Amino acid sequence: MRISTIAFANLKRRKGKAIFLTIGIAIGVGTAVALLSLSTSIKEEIGCLRGHTGSVAALECKDKVLVSAGYDTTVRVWDVGDQVAAGGGAGPGRVGARPAEPRTR
C-alpha cells in the first residue's frame, strides 16, 4: 500500500465522521429548542380556580367538569369550559362543596 492511498482513505473516514457529527449536533440543537419552547408554553397559566383553603390532594377531569379534593376536607366541582369556576355553593367559585368523609383505618 502506498502512503497516498492510506492518506485518502483516512480523509474519507474523517469526512464521514465529520458529517455524522454535524448531523448529530443539528438534531441535538433542534431538540433542545423544541423542548425549551414546549416548556415555556406549558408554564403559561390559562386560568385560576380559587376556593380551597389548603393544598389540593386529588383532581379528576371529564369533559368540561373538574372535581378537586382538598386537604381542607372539601370536594369541589368546577365547570372549566371557559377556564372559569362555576358560581354558587358556599364560597367563591365552588359548587356544592361538602366535607369529605373522615378516613378510618
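The values are calculated or read from the model by the stated rules, or taken from the named source; none is laboratory data. Everything quoted here is computed from the prediction, not taken from an experiment. So basically every Cβ, Gly included, is an ideal-geometry build from the backbone, and we count neighbours across all protein chains shown.
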Filter result (at pLDDT below 75, over 16 Å from the mean Cα position of the chain (by Cα) and surrounded by 10 or more Cβ atoms within 10 Å (Cβ to Cβ)) within region 26-51
none
Pick from region 1-25, criterion within 45 Å of the chain's Cα centre (by Cα) and among the small types (G, A, S), ranking: modelled with the lowest pLDDT:
G16
